[in-house]
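The values are calculated or read from the model by the stated rules, or taken from the named source; none is laboratory data. None of the values given here were measured: they were computed from a predicted structure. No Cβ is skipped: glycine too gets one built from the backbone with ideal geometry, and neighbour counts run over all protein chains shown. For accessibility, only protein heavy atoms count, side chains too; no ligands or nucleic acids. Shrake-Rupley method; radii C 1.70, N 1.55, O 1.52, S 1.80 Å.
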Amino acid sequence: MINRYFIALSLFTAAIMLLGCGNKSSSHSSPSVSIGPNKKKVPGRIEFTKEIHNFGTLKEGETVAYSFLYKNGGSSPFRLTKVEPACGCLTVQFSKEEIVSGSSSNIEVIFQTAGEWGNQVKTVEIETSDGEAKTLTIGAFVENKNFNIDLNNLK
């Protein structure tokens, strides 16, 4: 008799515990209230019209520039927090101001070809205050008279 009573009590206690664990919400919490439409805020998003530019063939010693245009395609403003060229032959100019939603700006990349020769591919690493990262790339073939070697005539 005691065994049946003990088993029934154990099963009843287990059922109560299982039912209680399945309901995570508390009856004491206040109901959620929504005022106006529930619009999720989209972070700022940097959108470039072009992320790669080829200057074509250049002469060693030339200085050329290209402006990479971008806009904020998100709903929150952002700033450029990192604009880092991969080498000393690149200089960058950009706005340090906040870019609001829908606004546009540019990053000007200046390439100084002094001492360069052959195919050149250079990058600039970009990061926004929202943590978004992009890489801009420029390329060129640089003719340098000091490195013009006719491989066909080597014997």
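Does region 44-53 contain any residue that is in a loop (DSSP other than H, G, I, E, B), modelled with pLDDT under 55, open to solvent by 100 Å² or more (accessible area, probe 1.4 Å) and of a type in the set (Val, Ile, Thr)?
no
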Going by what's in this entry, would GLU127 be described as charged (D, E, K, R) and in a strand (DSSP E or B)? yes
In region 90-141, which residues are within 17 Å of the chain's Cα centre (by Cα) and of a type in the set (Asp, Glu)? GLU98, GLU125, GLU127, ASP130, GLU132
Scan region 121-136 and give yes if some residue there is among the hydrophobic types (A, V, I, L, M, F, W, C), open to solvent by less than 40 Å² (accessible area, probe 1.4 Å) and free of Cβ contacts under 8 Å to residues at least 60 places away in the same chain, otherwise no. yes
